[in-house]
Amino acid sequence: MTRPRDPDQIQHEIEATRTQLAGTLDELAERVSPKRLADQARERAVEFLRTPAGAAVLGGVMLLVALRIARRARNRRR
C-alpha cells in the first residue's frame, strides 16, 4: 500500500515538473526557431556547393542564366 504524500512533497514535485517542462519548451523553441533553421539551411547549401556535384549544379544554373540573358538580348534586337 502506498503511503499518502504530504502537501509540501506534492508542491515540490509540481515545481520540479514545471521547471523540467519549461526547459523542454525552451529547447524545442530553439530547435524550431526560423533564424536557426535558415542558418542551418544556408550552411548545408554552402557545404553542398563546395562539393564537385554542387559545383556542377552551380555551373549548370549559371549556364542557363547566361543563355536566358543572351536570348532576351537577341529578341530585343529584332
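Working only within segment 20-78, note down all residues that are part of a loop (DSSP other than H, G, I, E, B) and either more than 18 Å from the chain's Cα centre (by Cα) or loosely packed, with under 10 Cβ neighbours inside 10 Å (or both). Don't jump to the end; show me each part of the working.
The initial filter retains those residues of segment 20-78 that are part of a loop (DSSP other than H, G, I, E, B), namely 32-33, 50-51, 78.
Hits for segment 20-78 are V32, R50, T51, R78.
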> Under 9 Å by Cβ, and 6 or more places apart or on different chains, what pairs join a residue from segment 41-70 that is free of Cβ contacts under 8 Å to residues at least 60 places away in the same chain with one that is surrounded by 10 or more Cβ atoms within 10 Å (Cβ to Cβ) and among the hydroxyl-bearing types (S, T, Y)?
Replying inline: none
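Quick check on Q9: is it polar (S, T, N, Q), assigned to a helix (DSSP H, G or I) and modelled with pLDDT of 95 or more?
In short, no.
The values are calculated or read from the model by the stated rules, or taken from the named source; none is laboratory data. Computed from a predicted structure; not experimentally measured. We place every Cβ from the backbone using ideal geometry, glycine too, and count neighbours over all the protein chains shown.
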